Amino acid sequence: MERSVDVVVIGGGISGLCAAKLLALDYGISVVVLEARNRVGGRTNTVQDPKFKYVDLGGAYVGPTQNRILRIAKELGIQTYKVYNEGSVVELLGGKRRVFSGDFSTWNPIAMLDYYNMIRILDQMGEEIPLDQPWKAPKAKEWDSMTVKEFFDKTCWTNYAKKRMIQVYNDAMAAEPRQMSLLYYLWYLKSADGVLRIAAIENAGQERKFSGGSQQISNKIKDKLGDMVILNSPVCRLQQDADHVVVTCENGKRYQAKFVISAMPQALLNSVSFEPPLPPLKNQLIQRIPMGSVIKTVTYYKTAFWREKGLNGVLISDSSPAYVTVDDTKPDGSYPAIMSFIIGDQALYWCTKTQEERKKATCEQYAKAFDSEEALHPTHYIDRNWPAEKYSGGCYVSVMPCGVLTSFGEALRAPIGYMDGAVQAGERAAREVLHAMGKISEQEIHQTEPPSIDVPPVPCGLTTFQLWLPTVPVVIGTATAITALVGFASIRHYLK
């Protein structure tokens, strides 16, 4: 036996490290963190290179309401900066290029009403879902039997609103609408504080990044934990008896603990042998929730030519390869760059291609989107093919098909999307262990987080005017009624 401790944490991402930090540094509990990779950070991955200084190839964005990760970063002395968001947006939908400011690229009032109505409907439906037990929502069975695609097809009246809703969904979930339960998507939206909070940049989830990169958080916690963190140690077996759990790694090393916290993607638990076997619901669950599919790319240029054209670097697209882009230039204006996400079916297609092929296709798309020959001549290109990552299985979050939440929800914990969710899950798991050890009361397990002083949240949702806008059916019905009345009046006048 290599070591006997109170708690073994499996996974050295933000979640596992925050659990270990709370246990070891705040309560003096003996801990070992076993990380499969040769680095910590999990789905955050900051690469350093003189060509671009540093770049985040995994989770990077943070914003208002993400108070836990902001608190941890502040404790570690890590600053944030605002993502560049000045100028117009480019839209490539249905093969048409549009440049616009504000919410829309169209002046079609029916499409505008439809888009606002969809946001209102999704947020209102989310209000019916208990965050801690979404499977107990009044309409849980109905919503869990419908895919997001079926809901969009049923509810959207215009192609424009449907395309925009699909774009918001793809960007948030890194999966196709046909693959996911509506209930799970609504739960995810509610946990992120609504559609606009998850979709926008300003006052939303993509407002900021960490100066120096997001993996610093994990690296600095690792430094504090010292030899409690053991790298290159993928876990292959857990053997539990009445008193202890023995955790065995692929390298043959074994660790004994009273408690184990698993901070790895649930789908990857299929690679671990459990003795005794997992409970039936848990065993069935982990066979049904694959990870999303995304490739993150960052392309560097001599100049931020899009800014010179009055563009903010944001591209909304339904074409190949990228679905969405964001300006990734450093806050001082150095290393001009555009970041993109290749998502869902496109990620599955491009993950089998070479990096050079992805680079060529990305630059050609940028040349069309930003109307610039300079887009074809980057100074550097880098990407992370997350579907190829053995110890992540994909990104950003699990994809939950229809029927999973209502059938296996009791075996689940809250979804982790943004880095804030990783902190929440890790610290909650640590407090569950502390309660089991008699260190804290049951009431102390689930704790609310006060708003960040440095990044205070501002209400993010539709305005009162937008909330009271009529729906498309009401407008059509009213117009039909008025037309009928006018026609009837005209006929009466003619008959007189």
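The values are calculated or read from the model by the stated rules, or taken from the named source; none is laboratory data. The shown structure was predicted, so the numbers you read here are calculated from the model rather than taken from an experiment. Neighbour counts run over all protein chains shown; Cβ positions are idealised from the backbone, glycine included.
Worth a mention:
- Residue within region 388-398 that is crowded, with 19+ Cβ neighbours inside 10 Å, part of a helix (DSSP H, G or I) and in contact with a strand residue (DSSP E or B) (Cβ under 8 Å, 6 or more places away or on another chain) present: no
- Some residue of region 248-259 being of a type in the set (Val, Ile, Thr), modelled with pLDDT of 95 or more and farther than 29 Å from residue 204 by Cβ: yes
- The criterion of at least 3 residues that are in contact (Cβ under 8 Å) with a residue 60 or more places away in the chain and crowded, with 18+ Cβ neighbours inside 10 Å is met, among strands (runs of 3 or more DSSP E) falling completely within region 61-173, by 88-93.
- Within the set 54, 61, 27, the sole residue that is out of contact with any strand residue (DSSP E or B) (no Cβ under 9 Å at 6 or more places or on another chain) and of a type outside the set (Asp, Glu) turns out to be 27.
- So residue 29, is it farther than 16 Å from residue 214 by Cβ and touching a Phe, Trp or Tyr at 6+ places or on another chain (Cβ under 8 Å): no
- The residue that is nearest to residue 336 (Cα to Cα), among those in region 257-306 that are charged (D, E, K, R) and more than 27 Å from the chain's Cα centre (by Cα), is 302.
- Pair list, Cβ < 7 Å and 6+ apart or interchain, from region 452-475 residues that are within 17 Å of residue 201 (Cβ to Cβ) and among the hydroxyl-bearing types (Ser, Thr, Tyr) to residues that are assigned to a helix (DSSP H, G or I) and modelled with pLDDT under 70: none
- Single condition residue 55 does not satisfy, out of (1) surrounded by 21 or more Cβ atoms within 10 Å (Cβ to Cβ); (2) of a type outside the set (Lys, Arg); (3) touching a helix residue (DSSP H, G or I) at 6+ places or on another chain (Cβ under 9 Å): (3)
Results for (1) buried (at least 21 other Cβ atoms within 10 Å of the Cβ); (2) of a type in the set (Gly, Ala, Ser); (3) under 28 Å from residue 189 (Cβ atoms), shown as yes or no for each residue.
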| residue | (1), (2), (3) |
| --- | --- |
| 202 | no, no, yes |
| 206 | yes, no, yes |
| 209 | yes, no, yes |
| 215 | yes, no, yes |
| 221 | yes, no, no |
| 229 | yes, no, no |
| 232 | no, no, no |
| 235 | yes, no, no |
| 241 | no, no, no |
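- Leading residue by the ranking (modelled with the lowest pLDDT) among those in region 1-60 that are assigned to a strand (DSSP E or B) and among the charged types (D, E, K, R): 3
- Screening the candidates 203, 232 for the property of being in contact (Cβ under 8 Å) with a residue 60 or more places away in the chain and touching a Cys at 6+ places or on another chain (Cβ under 6 Å) yields one hit, 203.
- Extreme residue, farthest from the chain's Cα centre (by Cα), among residues of region 23-73 that are of a type in the set (A, V, I, L, M, F, W, C) and more than 24 Å from residue 233 (Cα to Cα): 52
- Qualifying residue in region 432-442 (condition: closer than 30 Å to residue 281 by Cβ, touching a Lys or Arg at 6+ places or on another chain (Cβ under 7 Å), surrounded by 22 or more Cβ atoms within 10 Å (Cβ to Cβ) and not basic (Lys, Arg)): no
- Considering each residue of region 71-81 in turn, none proves to be in contact with a Leu (Cβ under 7 Å, 6 or more places away or on another chain), of a type outside the set (D, E, K, R) and over 20 Å from residue 195 (Cβ atoms).
- Of all the residues in region 272-293, those that are buried (at least 16 other Cβ atoms within 10 Å of the Cβ) and among the hydroxyl-bearing types (Ser, Thr, Tyr) number 1.
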